Amino acid sequence: MKYLDEYRDPQLAKSLIEALQTRDYKRGEIRLMEICGTHTVSIFRSGLRKLLPPQIRLISGPGCPVCVTANEDIDRAIWLAGQPGVILTTFGDLVRVPGSTSSLNVERSKGADVRIVYASLDALEIARQNPGREVVFIGIGFETTAPTIAAAIKQASMSGVNNFSVFSVHKVLPPAMRALLEAREVRLDGFLCPGHVSIVTGSGIYEEVVKNYGVPCVVTGFEPLDILQGISSAVELVESGRAEVVNMYRRVVTRDGNAAARKIMDEIFEPADSTWRGLGPIPGSGLGFRREWKNFDAVSRFSMPEIKVKEHPGCKCGEVLRGVMTPPECGLFRKVCNPQDPKGPCMVSGEGTCGAYHRYHQ
Amino acid sequence: MDQRLVQLDQGSGGRAMHELIDGLFISAFSNPLLAERNDSAVFEVKAGRLAITTDSYVVDPIFFPGGNIGSLAVHGTVNDLSMRGAKPLYITVGFILEEGLDFGDLEKIVYSMADAAREAGVQIISGDTKVVPRGKADKIFINTSGVGIVPSGIDIGGANARPGDAVLINGTVGDHGMAVLCKREGLALENEIKSDAAALNGLVGQMIEAYAGIRVLRDPTRGGVATTLNEIAEQSGVGIRLFEEEIPIREDVAGACEILGLDPLYVANEGKVLAIVPPDRSQDVLSAMKSHPLGRGARCIGEVVSNDPGRVFLRTRIGGHRLVDMLRGEQLPRIC
C-alpha cells in the first residue's frame with residue numbers, strides 16, 4: 001500500500017529490533033518519554049513495547065490534548081453549553097470527559113445543543129446556518145490544530161460571521177517539557193518528540209530543551225518503523241552522551257516548520273498561562289487571544305462565573321500524564337474506570353494512555 | 001406541484017394509505033402472499049427448524065455508495081438468517097416515514113428492496129407503514145424481520161468455536177462503515193469508497209455445501225471484525241489470534257481510516273462473513289468461498305487458541321502482540 005506499508009516493513013523492523021536487543025548498554029536503563037498520545041497509541045497498536053529489550057523503558061507523556069485539559073476548563077465548556085441559545089461545537093472525544101459534576105455528553109442528553117465536528121470550519125458553517133444562535137467552538141489541541149482554528153477565526157472575521165466564538169484551551173508543548181524536567185519527579189534520558197506538532201513548529205523548538213537540560217530530543221513519525229528508528233536514534237544519543245535534536249521525520253519536518261501556519265497562529269493568538277491536568281498552571285503554555293481578536297474569544301463574550309472544581313477522588317490521570325505512574329498502578333483502572341464509564345480523560349481519549357493500556361495491553 | 005412528498009395521511013389507515021400500499025408496496029414487492037392484503041401472511045412449512053430474526057435500520061445518509069437503507073434492510077436480515085445456516089424464505093417490513101420525505105426517494109428505496117429480495121431469493125410478504133410528523137423521525141426508518149429454514153444436521157452458532165479452528169473471512173474489512181462515513185461527512189477522496197452491502201445466503205449456501213460442519217458464521221456489522229470475534233471468543237470460551245498481515249483491507253479504506261483515526265477492525269461491514277472452521281476442512285471452505293463472486297478475496301485471518309479464553313489478540317506486522325478489545329462506546333453512529 002502506498003505511503004503506509006513502507007513504514008511498516010516487517011523485515012526492516014525486525015532488524016532494528018534485533019540491533020536494539022543485541023547492542024551493548026553501558027548506562028543501565030534508558031528512559032524515553034514519548035510525549036505524544038498518537039505515539040503512545042501507535043506503540044501499543046504495533047505491540048512494540050514487548051519487543052524492546054528490558055534496558056529501554058518507554059514512558060508515556062502529556063501529549064494528549066483532551067487528557068491535559070484541566071477539569072476547570074471542562075466545567076467551563078459545560079457551563080457554556082448550558083447558556084441559552086448556544087450551540088457548543090467540539091471534537092468528538094471531549095464530550096465524554098467527566099468534569100466536576102457532569103460531562104458534555106450528559107448535558108447533551110438533557111437537552112444542551114452540543115455538536116461534534118471534524119474541523120473548526122464545520123463549526124463556522126454551523127454558525128453561518130444558525131444566525132440567531134451563538135456558536136462556540138472549543139479550541140483544543142497543540143500547535144498542530146491551533147493554526148486551523150486560527151484560520152477559522154480569520155475567516156469568520158472576513159465573512160462577517162459575528163455569532164462565532166472560540167473557547168481556547170490550546171496548549172503548546174515546550175513549556176510542559178520544561179515543567180516535567182524542572183519537577184524532577186521522574187528521570188528522563190530522552191524525548192521522542194511528536195512529528196505532527198513539529199511539522200508546524202519545526203524541530204528547532206526543542207533546541208532550548210536540549211541546551212538547558214541536556215536531554216536529547218528525537219523528532220519522529222508515527223508508523224512502527226518511524227518510532228523504532230526514533231528509539232534507536234535516542235538510544236544512540238544517550239549511550240554516547242550526546243544531547244542533540246535529531247530529526248528522524250525529515251520527510252515532513254524541517255528545522256523551521258511551516259511558516260504560514262505559524263504566522264496565522266501568531267496573528268490570532270499569543271502565549272498565555274494555562275493550567276494542565278497533572279502539571280498545574282504553566283506560564284506561557286497556552287494560547288490566548290490577541291487584543292484585536294478578543295471579540296472571537298468565548299471567555300470575553302460570555303461572562304463566566306467562578307466554578308468550584310471537584311476532582312474525582314482516586315483518579316490518577318495527573319500522575320499518568322507526568323509519567324510517574326502507569327495506568328495499571330491506578331486503583332480505579334479496569335475496576336471502576338473503563339472506556340464505557342471513564343473517570344478521567346486519559347481513559348476517554350483515543351490518544352489517552354489509560355485508554356491505550358485498556359484497549360491493547362493484556 | 002413537481003416534488004411529491006410523503007403526507008401524514010399516507011400512514012393514517014385511510015384511502016391515502018391504501019393507495020400507497022397498492023400503488024407502491026404491493027406492486028414493487030409483487031407476490032401472492034402480500035397481494036392477499038390480509039392481517040398476516042399464512043404459508044406452509046415443512047417439518048424442521050425455523051430461524052427468525054429482526055433488525056431496524058436508521059442509517060444516515062439513506063443513500064450511500066453501494067446501496068441505500070432499503071437494500072441494506074433486506075441484506076441485513078437475509079444475512080442474519082444465513083449466519084445460522086438457515087435458508088431465508090420470507091421477510092416482513094415496517095416503515096416509519098417522516099412527513100415530507102421525498103416520494104421519489106421512497107420509491108427508489110422500495111424498488112431497491114424489491115430488487116435485493118429478488119436477488120436473494122426471498123419474498124416480502126407482510127408490511128406496515130406509519131408516517132410521523134416532520135422532525136419526529138429522520139426521513140425513513142425501516143424494520144425487517146425474516147424467517148428461514150435450517151436444514152437438518154446444521155449446527156452453526158457463536159458458542160461452537162474450538163481451539164485449532166481456522167478463522168476465515170470472505171474479503172476486505174471496513175468498506176461499509178467508511179462508505180457511509182465518507183458520504184455523510186462529505187470527505188472527498190480520490191475514489192469513492194463503496195459499501196460492501198450484499199446478501200450472503202448464496203455464498204453461505206456454497207460454504208455449507210463444501211462442509212456442513214462449519215462451527216460459527218457471523219457477519220461483522222456494527223463494531224466490526226474486532227467486536228464480532230470478541231463475542232465469539234466469549235461465547236465459546238476460547239481465545240482468538242489474528243494475523244495483521246493476512247487481514248485484507250482496501251487501500252482507500254485504510255487511508256480514510258488513517259485520516260480519521262479509526263481502526264478498520266472496528267468499522268462495520270454489511271457483506272462480510274466470518275467463518276470458524278476445523279483446521280482440516282478450512283481449505284475446502286476457503287475454496288468454496290473463493291469460487292463465489294462475494295468470496296473472491298477470502299482469506300484465513302487467524303486461529304482459535306485455548307489460552308486467554310474470551311479474548312482476541314493480534315500478531316502485528318512487526319511481530320508484536322496486542323489485545324484486540326471489544327468496541328467500547330460508539331466509533332461511528334448510525335451506519336446501519
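The values are calculated or read from the model by the stated rules, or taken from the named source; none is laboratory data. Predicted model, so just to flag it, every value in this text is computed and none were measured. Glycine also receives a Cβ, built like all others from the backbone with ideal geometry; neighbour counts cover every protein chain displayed. Keep in mind that these areas ignore ligands, DNA and RNA; they rest on the heavy atoms of the full protein, side chains included. Shrake-Rupley method; radii C 1.70, N 1.55, O 1.52, S 1.80 Å.
On the stretch given as region A:331-355, residues that are under 18 Å from A:Leu58 (Cα atoms) and more than 10 Å from chain B (Cβ to nearest Cβ) total 4.
Okay, residues lined up against (1) modelled with pLDDT of 95 or more; (2) among the acidic types (Asp, Glu); (3) over 24 Å from A:Ala272 (Cα atoms); (4) open to solvent by 20 Å² or more (accessible area, probe 1.4 Å):
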position: A:Gly82; (1), (2), (3), (4): yes, no, yes, yes
position: A:Val97; (1), (2), (3), (4): no, no, no, no
position: A:Val114; (1), (2), (3), (4): yes, no, yes, no
position: A:Val166; (1), (2), (3), (4): yes, no, no, no
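Among the candidates B:Val78, B:Val122, B:Val93, B:Val59, the residue that is crowded, with 23+ Cβ neighbours inside 10 Å and in contact with a Gly (Cβ under 6 Å, 6 or more places away or on another chain) is uniquely B:Val93. When the residues of region A:198-246 are filtered to those that are touching a Ser or Thr at 6+ places or on another chain (Cβ under 7 Å), of a type in the set (A, V, I, L, M) and within 25 Å of A:Gly47 (Cα to Cα), the one that is nearest to the other protein chains (Cβ to nearest Cβ) is A:Ile227.
Identify the residue in region B:55-106 that is within 28 Å of B:Gly205 (Cα to Cα) and charged (D, E, K, R) and, among all such residues, is farthest from the chain's Cα centre (by Cα). Step by step, filter region B:55-106, then rank; the result is B:Lys87.
With a requirement of 1 or more residues that are among the acidic types (Asp, Glu) and farther than 19 Å from A:Leu48 by Cβ, the helices (runs of 4 or more DSSP H) lying completely within region A:180-239 that satisfy it span A:207-213, A:224-239.
Considering only region A:279-297, state which residues are of a type outside the set (Gly, Ala, Ser) and at positive phi. Give the derivation first.
So in region A:279-297, the residues of a type outside the set (Gly, Ala, Ser) come out as A:279, A:281-283, A:287, A:289-297.
Passing the criteria: none in range.
Considering only region A:130-147, how many residues are within 13 Å of A:Asp113 (Cβ to Cβ) and assigned to a loop (DSSP other than H, G, I, E, B)? Result for region A:130-147: 3.
Answer yes or no as to whether B:Thr316 is of a type in the set (Ser, Thr, Tyr), within 14 Å of another protein chain (Cβ to nearest Cβ), open to solvent by less than 60 Å² (accessible area, probe 1.4 Å) and under 25 Å from A:Lys14 (Cβ atoms). Steps first, please.
Values: of a type in the set (Ser, Thr, Tyr): yes; within 14 Å of another protein chain (Cβ to nearest Cβ): yes; open to solvent by less than 60 Å² (accessible area, probe 1.4 Å): yes; under 25 Å from A:Lys14 (Cβ atoms): yes.
Criteria met by B:Thr316.
Among the candidates A:Lys294, A:Lys308, the residue that is away from chain B (no Cβ under 14 Å), part of a loop (DSSP other than H, G, I, E, B) and surrounded by fewer than 23 Cβ atoms within 10 Å (Cβ to Cβ) is uniquely A:Lys308. In region A:1-76, counting only helices (runs of 4 or more DSSP H) that sit wholly within it, the ones holding 3 or more residues that are more than 30 Å from B:Arg250 (Cα to Cα) and open to solvent by 60 Å² or more (accessible area, probe 1.4 Å) span A:10-22.
When the helices (runs of 4 or more DSSP H) confined to region B:1-103 are screened for residues that are over 19 Å from B:Ala197 (Cα atoms), those reaching at least 3 such residues are found at B:15-20, B:32-35.
Modelled with pLDDT under 95, within 11 Å of another protein chain (Cβ to nearest Cβ), under 25 Å from B:Glu303 (Cβ atoms) and not in a strand (DSSP E or B): does that describe B:Glu258? Spelling it out, it is not the case that B:Glu258 is modelled with pLDDT under 95, within 11 Å of another protein chain (Cβ to nearest Cβ), under 25 Å from B:Glu303 (Cβ atoms) and not in a strand (DSSP E or B). Which of (1) assigned to a helix (DSSP H, G or I); (2) surrounded by 15 or more Cβ atoms within 10 Å (Cβ to Cβ) is the odd one out, the single condition A:Lys263 does not satisfy? Result: A:Lys263 passes all but (2). Kindly establish whether B:Gly237 is of a type in the set (Gly, Ala, Ser), over 15 Å from B:Ala166 (Cβ atoms), open to solvent by 10 Å² or more (accessible area, probe 1.4 Å) and more than 14 Å from chain A (Cβ to nearest Cβ). Spelling it out, B:Gly237 is indeed of a type in the set (Gly, Ala, Ser), over 15 Å from B:Ala166 (Cβ atoms), open to solvent by 10 Å² or more (accessible area, probe 1.4 Å) and more than 14 Å from chain A (Cβ to nearest Cβ).
Looking at the structure I just gave you, is B:Ser12 open to solvent by 30 Å² or more (accessible area, probe 1.4 Å), of a type in the set (Ser, Thr, Tyr) and within 23 Å of B:Glu99 (Cβ to Cβ)? Quick ask: steps written out before the conclusion?
Numbers: open to solvent by 30 Å² or more (accessible area, probe 1.4 Å): yes; of a type in the set (Ser, Thr, Tyr): yes; within 23 Å of B:Glu99 (Cβ to Cβ): yes.
Answer is yes for this residue.
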